[in-house]
């Protein structure tokens, strides 16, 4: 397994270890001296109690990382709903194999909530007092306002008459969707069966390395932290006064791909049917990527054992925006029927070229 050595330099400005936060300066480089620009540092802020709960005051859109013994790291972005439930998966499991526990499935049948003009999928009205809500209107059909809010998403294709859209307006002092003000959140960590997980660690993001691999953040010495990166396994460590330390990170292993005679199927077909789905799904965004010259994107992805698309990788392209659109769209692929070898599901890799003519169309 390929290994990468990161140089992690810390300079503690403050001298107080017990009460004050220390200012840390980090520079991440690999063993060849090249900079690392996609690494993020999370610092632990607390642990869940016997009910799986942890209360925190944080800003809207704050990134959290949750980890418990025996479970995979799970990310969470704090949105408008002050009570958010997170199901952690066993460390031997795969995130894309997860199914909602029965206790949570009913939440998927709730109406679509639009709070202050923004779609909030996790919004629960019973978490808010009546005096916090200024107005609520309901619609069972698409109109000009709702079409604009859900434009370009999977939601615009659902049966809105079945679920309905609740348009909620809050009082001015309620900071549901503002980045500036802190909100009191309760995070509930449960397992696949919906049982509370005690002692799950809650981490908050303190920054991301920039184009030259630098990062500055403040935290108390003694706190635990973790470095995460798209290409490498998460690395946990403890903040100390040590000015320079070496961190050895292991590259994330890719799923083993096995040749098989029984290839995955998509909507009763294979790649042609998947390409047609992609064209229909991404057409609007791809049209925005048209440039004077022809655009090409070559993408590689794996249809996993569960039938979910995983490990989407852009092999080559000549248009960064188009590459992002292609990658994001393929990650949202509907379920496949997985490939089968010796009676067992296997991972199967595909390479798909996407071309956009410079004069329009693709």
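Going by what's in this entry, would residue 270 be described as without any contact (Cβ under 8 Å) to a residue 12 or more places away in the chain and farther than 30 Å from residue 75 by Cβ? For residue 270, the condition - without any contact (Cβ under 8 Å) to a residue 12 or more places away in the chain and farther than 30 Å from residue 75 by Cβ - is met. Anything in the stretch 191-203 that is part of a strand (DSSP E or B) and either under 13 Å from residue 73 (Cα atoms) or without any contact (Cβ under 8 Å) to a residue 40 or more places away in the chain (or both)? List them, or say none. Correct list: 201, 202, 203.
Residues that are more than 20 Å from residue 263 (Cβ to Cβ) and either buried (at least 18 other Cβ atoms within 10 Å of the Cβ) or free of Cβ contacts under 8 Å to residues at least 12 places away in the same chain (or both) within the stretch 277-289 comprise 280, 281, 282, 283, 286, 289, listed in sequence order.
What about residue 217, is it in a helix (DSSP H, G or I) and crowded, with 16+ Cβ neighbours inside 10 Å? No: the conditions fail for residue 217. Could you say whether any residue in the stretch 246-266 is crowded, with 19+ Cβ neighbours inside 10 Å and closer than 30 Å to residue 221 by Cβ? The answer is yes; a qualifying residue exists. For the stretch 339-362, check the following and say yes or no: at least one residue is outside any strand (DSSP E or B) and surrounded by 21 or more Cβ atoms within 10 Å (Cβ to Cβ). Within the stretch 339-362, not a single residue is outside any strand (DSSP E or B) and surrounded by 21 or more Cβ atoms within 10 Å (Cβ to Cβ).
How about the stretch 296-305: which of its residues are surrounded by fewer than 17 Cβ atoms within 10 Å (Cβ to Cβ) and under 18 Å from residue 263 (Cα atoms)? Scanning the stretch 296-305 gives a single hit, 300. Condition check for residue 286 on (1) over 24 Å from the mean Cα position of the chain (by Cα); (2) over 30 Å from residue 46 (Cα atoms): one failure, at (1). The residues of the stretch 151-168 that are modelled with pLDDT under 80 and part of a loop (DSSP other than H, G, I, E, B), listed by number, are 151, 152, 153, 158, 159. In the set 298, 325, only one residue is without any contact (Cβ under 8 Å) to a residue 60 or more places away in the chain and not in a strand (DSSP E or B); that residue is 325. It is to be established whether one or more residues within the stretch 101-113 are at pLDDT 80 or above and surrounded by fewer than 20 Cβ atoms within 10 Å (Cβ to Cβ). Within the stretch 101-113, not a single residue is at pLDDT 80 or above and surrounded by fewer than 20 Cβ atoms within 10 Å (Cβ to Cβ).
Of all residues in the stretch 338-360, exactly one satisfies the criterion of being in contact with a helix residue (DSSP H, G or I) (Cβ under 7 Å, 6 or more places away or on another chain) and at pLDDT below 85, namely 356.
Within the stretch 310-322, restricting attention to residues that are out of contact with any helix residue (DSSP H, G or I) (no Cβ under 8 Å at 6 or more places or on another chain) and in a helix (DSSP H, G or I), the residue that is nearest to residue 290 (Cα to Cα) is 321. Of the residues screened, residue 335 is not one that is modelled with pLDDT under 85, assigned to a loop (DSSP other than H, G, I, E, B) and either closer than 28 Å to residue 231 by Cα or touching a helix residue (DSSP H, G or I) at 6+ places or on another chain (Cβ under 9 Å) (or both).
The values are calculated or read from the model by the stated rules, or taken from the named source; none is laboratory data. No experiment lies behind these values; they were computed from the predicted model shown. With ideal geometry, Cβ positions are generated from the backbone for all residues, glycine too; neighbour counts draw on all protein chains shown.
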